[in-house]
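**Q** Below you'll find the structure I mean.
Since every read-out is calculated from the coordinates, none of them should be taken as a lab result. All values reported here derive from a predicted model rather than from experimental measurement. Positions of Cβ are generated from backbone atoms using ideal geometry, with glycine treated the same way; all protein chains shown enter the neighbour counts.
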Amino acid sequence: MLRTHSSSLAMSVSSSQGLTSIRASSNMVEVFVDGKPVMVESGTTVLQACEKVGVQIPRFCYHDRLSVAGNCRMCLVEIEKAPKPVAACAMPVMKGWNILTNSEKTRKAREGVMEFLLSNHPLDCPICDQGGECDLQDQSMMFGADRSRFTEGKRAVEDKNIGPLIKTIMTRCIHCTRCVRFASEVAGVEDLGTTGRGNSMQIGTYVEKMFMSELSGNVIDLCPVGALTSKPYAFTARPWETRKTESIDVLDAVGSNIVVSTRGGEVMRILPRLNEDVNEEWISDKTRFAYDGLKRQRLTQPMVKDASGQLVATTWEDVLTRVAGALQGVQGSEVGAVAGGMVDAEALVALKDLLNRLDSDTLCTEEIFPMAGAGTDLRSNYLLNSRITGIEECDFLLLVGTNPRYEAPLFNSRIRKSWLHNELQVAMVGHKVDLSYSYKHLGETTQVLQEIAAGTHPFCKVLVQAKKPVVVLGSSTLQREDGAAIFKAVSTIAQNSRVSSGVEDGWKVLNVLHRVASQVAALDLGYKPGVNAIQKNPPKVLFLLGADAGCITRADLPKDSFIIYQGHHGDVGAVMADVILPGAAYTEKNGTYVNTEGRAQQTRVAVTAPGMAREDWKVLRAISELAGVTLPYDTLAEVRRRLEEVSPNLVRYDDVEEANYFKQAHELSKAVNQSLLAAPLVPPQLTVKDFYMTDPISRASQTMAKCVKAVTEGAAAVDEPSVC
Amino acid sequence: IFYPALIKTHIFHRDTPANNPETPFEFTPEHMKRVDAIINNYPEGHKAAATIPVLDLAQRQHGWLPISAMNKVAEILGIAQMRVYEVATFYTMFLREPVGKYHVQICTTTPCMLCDSDSILEAIQNKLGIKVGETTADKLFTLTEVECLGACVNAPMVQINDNYYEDLKPSDIEQIIDELKADRVPPPGPRSGRFSCEPAGGLTSLTEPPPGPGFGVRPDL
């Protein structure tokens, strides 16, 4: 019933904003806002009609991405000749109405509602984290009365423990129910609710339960008052003293748009930025809370392994000379490089240029991609071609060997949005996981995949009826030895369903969902996916650029090999290195990252890198000069010009280049002669405890460690300071 | 919370040995048939509409609603557990704490108070030895003060489980309690001799048979 009820409301809510291709019955209706005429589609609410003219009506419970509740009553406006004020967020407009947003009655209504809201609200502003960005503060200044007549006692509510991320002070709650609606609609965990009634109503989980969702941190942004705030950020900063830098998140491949709030050269918190095409207004918990890992385990000094095998700090001149010396002595396949998951495109192209000048093309990524068939030559083979917004238009989705809930939470929330509002059917081949929406589980063996590709599986009957099918293949399945065969099978399924659906040429069916932020850029720049080339010809000098997955270890290399590690955290890669070059993390450099859709986005410098660390491409440029193979760029603009030279889409920021040649790619993949292994398709991240620590930054984060502990041992097991 | 305490109206559940998700609760086969009949009343896809009647049935079967019963109802109706908790905490008649075999609910609002419900309350408290909100040690009686039960003509009165005992004097209520202790349910209704809510001193209206047709009509019609 949630689906049927909210689908009609959501249609009217989003249709006027033109968000999706929802078919609204556009009869335009003329209404007047304070005398100004405006044409709106029938079914839009008074609040949306006013927004169209530019008049913002105050509200607490209304949110344009959630269903309409209408319980705060702050949006009451007077309609001319109507006896009572109406709730603007819920009332659809009628022809000829004159909405008076600043009349005597409207103002009196707002003052009255504000008085009621403040009557039970504690006087916590000085100790409340929301101060400075509090909707209640702002709206009471703008719309509330300037004097109080409250002489009674206020009610108090006990705080709930819903996890190590969200601090709850429920006395401040004004019962707008935004968190309840978010939890049940967007996050898919129906754990929050309104228990009791009247004065003793409480928002909570009723039983002692953690709000265990990968999107749980978003209620902190939603809550208009300080009832739900960020526990790691508690009591650390006020919003007016922070500097905001727009940037991109690189902890997964979605490339969520974020705002990095800093103060005094330290990252205070990370907030989401609106981007309708990628992450809407949400970010996952890892993105939001792993920033404290940026301050721990950092490589701040260049280091060299001395005679006894210990890494000692040294100067830049020392390490650069050593590295240049090592590089001068090698040629061709004697030098190789492995790039990790959080490297920006500038560093990748600098490293490639450097090694190419040494006659070597052994540049590998840690993530494998099957090179048989079309491999990475055709871009359409390795991108999320349908784009994240394409999920909203498709009517059938097949997931293969992926758990998008923890691999790309924002992608999963888009699937859920489509499932909820557009009746999307989802089926999955792979290990059964909880995706926060219901789907048809077809099995987890490769046998199932083969049968669907051959058309013999009973499910094919449903597949052929899809009008706009989408198939998403998880990159974790491509890491297997039979990755090429899996890709061939999925490509066949995609091609077959395209043909049977009769969909137009512009519609893309085959998609690959990556798990690391730098993979697409690396493949665009011509890196070899997977460390096969290095394993076949172990080089004498190995350059690890942020490579922390441990794909190549000392054991794979000749005895006297020289390993150079350039990165920002002391993780797996730094431990085995002979020389360490400290680089910058994503908040400390201007880097280009391409997300799994192929959208190039750039991070910006929010804080300077700690200690002696420098931006990665600059380090490589310095090495190249000392090694005698100077790279031809000195400034960021020149590096980006080089990027454009290699692959123009890398500098067309925030835009997705369409990739094509699906039929040709499919023809090439048909020639692949590999058989599928019997092993089941199991993605590496199965439950929420696998979600929190997946890369060097989140592994260094104490907040993420607390989350893992809370998820495995219960919320009460986490040590919290008593002041919280 | 302003209104006088009923049975603990806490809006938060804490697991206790007697009340936790493992507390055994299953609908009996006949009750399960009733559950199906109730669900059949509502259209396809709107099973959640049956939350209130099915919860009531669970309470009638078990005496009160342990958290496991609410979870079972959620499972049967295919809705999230939280939605059932929301409904169960909204209504005060859903008892989320154990009650005795006989739930003695005494009305103490204005009409009953004017007819001296205080003496009835005192009589019960003295007889059972418990205060409002408490249960007797033998788990037979629970005493609560409730809002108006709609039997104002027959004030003062109590409701015990589903029966109203009206027009009470302190001796009446003591007699009722004695009978309940002896495991006999006394007949419900007024204790003063009248049948239901007719005027105590005899009828003041409708004392004659109704006038036949033609009453008050002009003679020539």
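**Q** What is the calculated FRET efficiency for A:T608 to A:T630, with r their C-beta to C-beta distance and R₀ = 25 Å, to the nearest 0.05?
**A** 0.45
**Q** Dividing the convex hull volume of the alpha carbon atoms of region A:264-357 by its residue count, what do you get in Å³ per residue?
**A** Per residue, the Cα convex hull of region A:264-357 comes to 180 Å³.
**Q** Could you give the length gained by full extension between A:S675 and A:E30, i.e. 0.36 nm per residue of separation minus their alpha carbon distance, to one decimal place?
**A** Gain on extension, A:S675 to A:E30, equals 225.8 nm.
**Q** Follow-up question, since we're still on this one. How many angstrom lie between the C-alpha centres of region A:412-466 and region A:132-190?
**A** 39
**Q** On full extension of the chain, what length is gained from B:T16 through B:L206, given 0.36 nm per residue of separation minus the C-alpha to C-alpha distance?
**A** Stretched out fully, the B:T16 to B:L206 stretch lengthens by 62.6 nm.
**Q** Can you pick out the pairs among A:K440/A:K467; A:K417/A:K670; A:K508/A:K670 whose Cα atoms lie more than 23 Å from each other?
**A** Exceeds cut-off: A:K417/A:K670.
**Q** Could you bin all the Cα-Cα distances of the protein assembly as shown into 10 Å bins starting at 0 and give me the percent of pairs in each, rounded to whole numbers?
**A** 2, 10, 16, 19, 18, 14, 9, 6, 3, 2, 1, 0, 0, 0
**Q** Reachable lysines from A:K589, Cα under 26 Å, same-chain residues fewer than 8 places away excluded?
**A** Qualifying lysines at Cα under 26 Å: A:K244, A:K286, A:K295, A:K352, A:K528, A:K618.
**Q** Continuing with the same structure: Report, ordered by chain and residue number, the lysines lying within cross-link reach of A:K108, taken as a straight Cα distance under 18 Å and ignoring same-chain residues fewer than 8 apart.
**A** A:K108 reaches A:K81, A:K84.
**Q** Is any residue of region A:477-516 close enough, with backbone N under 17 Å, to a label point placed 7 angstrom from the Cα of A:K440 along the Cα-Cβ axis, and if so, which?
**A** Once the point is set 7 Å along Cα→Cβ of A:K440, A:493-494, A:496-498, A:500-501 turn out to lie under 17 Å by backbone N, inside region A:477-516.
**Q** Oh, and also: Taking the Cα centre of region A:580-714 as the origin, how large is its charge dipole in debye, to the nearest 20, when only Lys and Arg (+1) and Asp and Glu (-1) carry charge on their Cβ atoms?
**A** So the magnitude is around 340 debye.
**Q** Give the Rg/Rh ratio for chain B, taking Rg as the radius of gyration of the Cα atoms and Rh as the Kirkwood radius, to two decimals.
**A** Here Rg/Rh amounts to 1.10.
**Q** Roughly how many Å is it from the Cα centre of region A:284-352 to that of region A:567-632, as a whole number?
**A** One Cα centre to the other: 8 Å.
**Q** So what does the Cα-only Debye profile of region B:102-190 read at q = 0.14, 0.22, 0.23 Å⁻¹, as log10 I(q)/I(0), no solvent term?
**A** Taken in order of the listed q values, log10 I(q)/I(0) reads -0.40, -1.05, -1.16.
**Q** Between beta-carbons, use under 10 Å as the cut-off and find the net charge around A:G193, counting Lys and Arg +1, Asp and Glu -1.
**A** Overall, the nearby charge balance is -2.
**Q** Using a Cα-Cα cut-off of under 13 Å, which aspartates and glutamates could be cross-linked to A:K36, ignoring same-chain neighbours fewer than 8 residues away?
**A** Those aspartates and glutamates meeting the cut-off are A:E51.
**Q** Considering only Cα-Cα distances, which of the following residue pairs are longer than 32 Å: A:K167/A:K689; A:K154/A:K231; A:K468/A:K706; A:K305/A:K689?
**A** Long pairs (Cα-Cα over 32 Å): A:K468/A:K706; A:K305/A:K689.
**Q** Could you tell me the calculated FRET efficiency between B:M93 and A:D556, based on Cβ-Cβ distance and R0 = 56 angstrom, to the nearest 0.05?
**A** With R0 = 56 Å, the Cβ-Cβ based efficiency is 0.20.
**Q** Count charges around A:T44 for me, please; just the other residues with Cβ under 11 Å from its Cβ, Lys/Arg as +1, Asp/Glu as -1.
**A** -1
**Q** Output the Cα-based Rg and Dmax of region B:29-90 in Å, rounding Rg to one decimal and Dmax to a whole number.
**A** Expressed in Å, the Cα Rg and Dmax of region B:29-90 come to 10.6, 30.
**Q** How many angstrom lie between the C-alpha centres of region B:122-183 and region B:13-51?
**A** One Cα centre to the other: 30 Å.
**Q** With a ≥ b ≥ c the root eigenvalues of the C-alpha gyration tensor of region A:47-120, is it rounded (a/c under 1.5), prolate (a/b larger than b/c) or oblate?
**A** It is oblate, given that a/c is not under 1.5 and a/b is not larger than b/c.
**Q** Using label points projected 7 Å from each Cα along Cα→Cβ, tell me how many nm separate B:N40 and A:D359, to one decimal.
**A** 8.7
**Q** What is the total of Lys pairs in chain B with C-alpha atoms under 20 Å apart, excluding same-chain pairs fewer than 8 positions apart?
**A** 18
**Q** Is region A:566-710 best put as rounded, prolate or oblate by its Cα gyration tensor, with a ≥ b ≥ c the root eigenvalues, rounded for a/c under 1.5, and otherwise prolate when a/b is larger than b/c, oblate when not?
**A** Verdict is oblate for region A:566-710.
**Q** I need the calculated FRET efficiency for the pair A:A533 and A:A234, taking r as the beta carbon distance and R₀ as 51 Å, to the nearest 0.05.
**A** Computed FRET efficiency for A:A533 and A:A234 comes out at 0.55.
**Q** Additional query: Once fully extended, how much extra length lies between A:E658 and A:W316, figured as 0.36 nm per residue of separation less the alpha-carbon to alpha-carbon distance?
**A** Answer, rounded to one decimal: 118.9 nm.
**Q** Something else: If Lys and Arg each add +1 and Asp and Glu each add -1, what is the summed charge of the other residues whose beta carbon sits under 9 Å from the beta carbon of A:N412?
**A** Value of the local net charge: +1.
**Q** Continuing with the same structure: How many percent of DSSP beta bridges within the protein assembly as shown run antiparallel, rounded to 5?
**A** In the protein assembly as shown, approximately 50 percent of DSSP beta bridges are antiparallel ones.
**Q** Compare B:I120, B:I173, B:I52 in a GNM of chain B, Cα atoms joined below 10 Å, and give the one with the largest fluctuation.
**A** Maximum among the listed residues: B:I52.
**Q** Right, something else. As a test of the formula, what do you get for chain A when each DSSP H run with n ≥ 4 contributes -39,500 (n - 2.57) and the sum is divided by the residue count, at 222 nm and rounded to the nearest 500 deg cm²/dmol?
**A** -8000 deg cm²/dmol
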